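Structure first, then comments.
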Amino acid sequence: LGSKEQNLFEIEIFCWMLKKNVLFTNQNNYRNLFGVLDNCFLVAYAIGMFFSGIFGERLPLRYYLSSGMILSGIFTALFGLGFYWQIHSLWYYCLVQALNGLVQTTGWPAVVACVGNWFGKGKRGLIMGVWNSHTSVGNILGSLIAGVYVSSAWGLSFIVPGIIIAVAGVICFLFLVEKPEDVNCTPPQHHLVDRSKYHPVIFAHRVVFFLQGVVEFSLCLLFAKLVSYTFLYWLPLYIANVAHFDPKEAGDLSTLFDVGGIVGGILAGLISDYSGGRATTCCAMLIIAAPMLFLYNKIGQNGLPTTIGMLLWCGALVNGPYALITTAVSADLGTHECLRGNSRALSTVTAIIDGTGSIGAAVGPLLAGLISPTGWNNVFYMLIAADVLACLLLSRLVYKEVRGWCGYTTRLRG
């Protein structure tokens, strides 16, 4: 149940993205208006995420998560009610988007902390890769819900998910079990700790300076999320404009990107578990993703089979590293031995990494809105550059992992 908020968050995002095709299209600067609304949510989300983990350390995760879900439902429904209340003020939608972004920061640190409490490091990549598929499932469900109402009553594209997430918040409050100890189960070893030695006030600063990999993975996620969220927000509009599909068909076709993301997240987790190289797995997928993005822009619309194949490949390669960093990597760092196994620390580590990544999520759609009038080719060049930068930021960690493998091989031969 801990994954419900993030799942429904993706539904809401996709409903907004698909509805963009009909909200402001009667204005010449509608793409810029889309970028403004996107960033009201994403900037608030990025800022709030850095504080969310701190609150998550101090509050019961069940209360924190369920209250965030209910508030998310309220603000999501308020956005949709603007259709029925005949509200055409950009400031109203900006305010609702910003408030929604703030309350939804309760989701990801809380759910990663809950799942991390239950599983040790051994098969964490695969387990969290399968679990993280809920984000792509949410995207797919969101496109289907929004597609029903996008051309008639787009307000329901938000009201329906708002009701769903509020109800799920009540279910989460009633049934979520935060830790194995709460139901007399044996916890993973990394949770056994002397709680009296834990100082949450100084923890957020310690984790940045003492945990190797936090800075690199955080900055890598910034650029990886930039690419992923640009696709999330703008792919249906790109398909509609370039391939000339109607909004519903474009939304349905864009779900293939998320289907590929499910496979990519699971594959990244499986490979990283087997190899022990989280950074190397991310880097390899990012290297392959760059030319695939170029090919998709050049030949991706040459027939339906080509479009389907390229969307699946791009989705797997773009979302695979993103999924791995926000789940298994965050959990690994949050349960590092220098943290004395404190399970609450996981919430803050996750918030720091995802908060940094969310800056990229805010910048990407904004840049796409500014660049797209000059041509979609330039948008893809921007995405490819971000992908390459994400890869380069992991070079030190990749070098360290490769040296570790070489040393291990040498010892075996000796």
Item to complete: Working carefully through the options Gly251, Gly261, find the one that is farther than 17 Å from Ile384 by Cβ, in a helix (DSSP H, G or I) and within 15 Å of the chain's Cα centre (by Cα).
Response: Gly261
Worksheet entry | Subset of segment 73-91 (residues that are in a helix (DSSP H, G or I) and either touching a strand residue (DSSP E or B) at 6+ places or on another chain (Cβ under 8 Å) or surrounded by 15 or more Cβ atoms within 10 Å (Cβ to Cβ) (or both)) | Gly73, Ile74, Phe75, Thr76, Ala77, Leu78, Phe79, Gly80, Leu81, Gly82, Phe83
Item to complete: Looking at (1) modelled with pLDDT under 80; (2) under 30 Å from Gly300 (Cα atoms); (3) assigned to a helix (DSSP H, G or I), find the lone condition where Cys220 falls short.
Response: (1)
Discussion item. Quick check on segment 195-217. Is at least one of its residues modelled with pLDDT under 90, within 26 Å of Met69 (Cα to Cα) and among the hydroxyl-bearing types (Ser, Thr, Tyr)?
Written reply: no
Fill in: Val329, sole failed condition from (1) more than 30 Å from Asn241 (Cβ to Cβ); (2) modelled with pLDDT under 85
(2)
Practice prompt. Kindly check whether there is at least one residue in segment 40-57 that is surrounded by fewer than 18 Cβ atoms within 10 Å (Cβ to Cβ), modelled with pLDDT of 90 or more, aliphatic (A, V, I, L, M) and part of a helix (DSSP H, G or I).
Written response: no
Discussion item. Out of Gly369, Gly375, Gly364, I need the residue that is farther than 28 Å from Asn117 by Cα and out of contact with any helix residue (DSSP H, G or I) (no Cβ under 9 Å at 6 or more places or on another chain). Which one?
Written reply: Gly375
Worksheet item: Which residue pairs have Cβ atoms closer than 8 Å, lie 6 or more positions apart in sequence or on different chains, and pair a first residue in segment 173-186 that is more than 17 Å from Thr106 (Cβ to Cβ) and aliphatic (A, V, I, L, M) with a second residue that is modelled with pLDDT of 85 or more and surrounded by 10 or more Cβ atoms within 10 Å (Cβ to Cβ)?
Response: Val183/Val177
Worksheet item: Condition test on Ser67, is it of a type outside the set (Lys, Arg), surrounded by fewer than 18 Cβ atoms within 10 Å (Cβ to Cβ) and under 21 Å from the mean Cα position of the chain (by Cα)?
Response: yes
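Taking the conditions exactly as written (buried (at least 24 other Cβ atoms within 10 Å of the Cβ) and farther than 20 Å from Pro305 by Cα), does Gly260 satisfy them or not?
Values: buried (at least 24 other Cβ atoms within 10 Å of the Cβ): yes; farther than 20 Å from Pro305 by Cα: no.
No; evaluated as a whole, the condition is false for this residue.
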Discussion item. If I go through segment 168-180 residue by residue, how many of them are of a type in the set (A, V, I, L, M) and either over 11 Å from Ser66 (Cβ atoms) or in a loop (DSSP other than H, G, I, E, B) (or both)?
Written reply: 2
Fill in: Subset of segment 98-113 (residues that are surrounded by fewer than 24 Cβ atoms within 10 Å (Cβ to Cβ) and either in contact (Cβ under 8 Å) with a residue 60 or more places away in the chain or over 16 Å from the mean Cα position of the chain (by Cα) (or both))
Ala98, Leu99
Worksheet item: Does Gly276 satisfy being more than 25 Å from Ser372 (Cβ to Cβ) and either among the small types (Gly, Ala, Ser) or crowded, with 19+ Cβ neighbours inside 10 Å (or both)?
Response: yes
Practice prompt. Output the residue which, of all residues in segment 359-406 that are under 20 Å from Leu235 (Cα atoms), of a type in the set (Gly, Ala, Ser) and within 22 Å of the chain's Cα centre (by Cα), is surrounded by the fewest Cβ atoms within 10 Å (Cβ to Cβ).
Written response: Ala385
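The values are calculated or read from the model by the stated rules, or taken from the named source; none is laboratory data. This is a predicted model, so every value here is computed, not measured. When we count neighbours, we look across all protein chains shown, and the Cβ atoms used for this are built from the backbone with ideal geometry, even at glycine.
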